[in-house]
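Here's the structure we're looking at; comments come further down.
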Amino acid sequence: MQSEIGEHHVAKTTKRKEYSKDDVKLLKAHSKDRTPVARVSKLMKRSEGSLRQKARTLGIGLGHQR
């Protein structure tokens with residue numbers, strides 16, 4: 001039975017992809033080279049926000065403008 005309010009929509013969730021040791025090495029290398037975050041995002045198939053957050057937890061800068 002459908003209520004008068006309408007259908008309930010469940011937010012789409014995604015499964016987190018853990019960072020491997022190789023991912024961390026690659027992120028650090030791109031940090032050192034000052035590669036733009038958008039390019040790193042496409043290469044690693046991760047969101048810019050995810051990359052920025054990981055870089056922050058590692059204590060490294062990310063992107064060409066810091």
For the chain, longest principal axis from Cα atoms; helix 48-58 axis from its Cα atoms; angle between them, nearest 10 degrees, is 50 degrees
Here the gain from full extension of VAL24 to ILE60, 0.36 nm per residue of separation minus their alpha-carbon distance, amounts to 11.9 nm
Relative contact order in percent for the chain (Cα pairs under 8 Å, 6+ apart) equals 33 percent
Carbon/sulfur accessible area of the chain, % of total, 1.4 Å probe, equals 50 percent
As straight-line cross-link partners of LYS12, the qualifying lysines (C-alpha separation under 29 Å, not fewer than 8 residues apart within one chain) are LYS21, LYS42, LYS45, LYS54
Expressed in angstrom and ordered largest first, the alpha-carbon extents of region 6-66 along the principal axes are 51, 25, 20
Rounded to the nearest 10 Å², the accessible area of SER41 using a 1.4 Å probe with every protein chain kept is 20 Å²
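The values are calculated or read from the model by the stated rules, or taken from the named source; none is laboratory data. Since this is a predicted model, take the numbers as computed values, not measurements. These area figures cover heavy atoms from the full protein model, side chains too; ligands, DNA and RNA do not enter into them. Shrake-Rupley method; radii C 1.70, N 1.55, O 1.52, S 1.80 Å.
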